[in-house]
Amino acid sequence: MLVGNRNQRAGRTRSTEPALLRGLIFTETGAAMTPHHIKKGNRRYCYYVSMDVIQKRPMAELRGPQRLPAAMVEEAIIGEIRRLLRTPEIIAGTARALKKERPDLDEGTVTTSLMQFDDLWKALFPAEQARVVQLLVARVTVGEDGLDIDLRRDGLGALASLMTPVRENAA
C-alpha cells in the first residue's frame, strides 16, 4: 500500500509548501537554481542552490552566488513586484492593454486594483502565491551585482483583470 501511493503522497508533501521561484531562478551563467531545504529540529531552512553545485562542476567555472536563502530572495522579488505595480508607467501600460479586453475598465479602476496587491497577497495561500509569481515573473537572474527580474507584461494585465470586478450592464 505504501509503495503504491508513494508518488501521490510525495506530491502532496511538496505542494503544501511550494517554492515561490521554482523554475524561474537562474545564475548569471544560465544554470537553474533549484529549491532545497534542511531541517534542524522542528525548523525548516529553505534555500535555492545552483545546479552547478549539485552536479559538482569545478569551482573555477562558477560565478556569482551559488546558494541563497529562499526567504531573502522571495522577499526581494515580492518587494520589487509591489514597487513596480505602483509605478505610473506600469499602471498606464496595464490599463491600455486591458482596455482592449475589457472596455469597461478605466485607468482609475486598474490603479485601484493594482494598489490592492498587498491585501490580495496576504490573503492568498502559499500555492496561490506561487501561482501569482509564476504569472508575473518570467525569469530571475542572480549575479554578483544582485537580482535581475524580468516581468511578464501579459501577466500584469491578467492579474489586474482578475483583481477588478466585472461591472454588470444595467438594462
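The values are calculated or read from the model by the stated rules, or taken from the named source; none is laboratory data. Keep in mind it's a predicted model, so treat the numbers as computed, not measured. Reconstructed Cβ throughout: ideal geometry from the backbone, glycine too, with neighbour counts over all protein chains shown. Note: accessible area is taken over every heavy atom of the protein model, side chains too, but ligands, DNA and RNA are not part of it. Shrake-Rupley method; radii C 1.70, N 1.55, O 1.52, S 1.80 Å.
Values as computed for the structure displayed
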| read-out | value |
| --- | --- |
| Matching entry among Leu136, Leu159, Leu68, Leu105 (being farther than 30 Å from Met51 by Cβ and hydrophobic (A, V, I, L, M, F, W, C)) | Leu105 |
| Residue count, segment 47-81 (criterion: of a type outside the set (A, V, I, L, M) and touching a Leu at 6+ places or on another chain (Cβ under 7 Å)) | 4 |
| Candidate set: segment 121-144, residues that are open to solvent by less than 50 Å² (accessible area, probe 1.4 Å) and in a helix (DSSP H, G or I); chosen: the one nearest to Pro35 (Cα to Cα) | Ala130 |
| Number of positions in segment 145-155 that are more than 14 Å from Leu24 (Cα to Cα) and crowded, with 16+ Cβ neighbours inside 10 Å | 1 |
| Candidate set: segment 101-151, residues that are over 23 Å from Glu89 (Cα atoms) and among the small types (Gly, Ala, Ser); chosen: the one modelled with the lowest pLDDT | Ala127 |
| Hey, Leu62 surrounded by 15 or more Cβ atoms within 10 Å (Cβ to Cβ) and at pLDDT below 90 or not | yes |
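Results for (1) without any contact (Cβ under 8 Å) to a residue 12 or more places away in the chain; (2) farther than 24 Å from Glu28 by Cα, shown as yes or no for each residue.
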site	(1), (2)
Val73	no, no
Glu89	yes, yes
Ala92	no, yes
Ala123	yes, yes
Gly157	no, yes
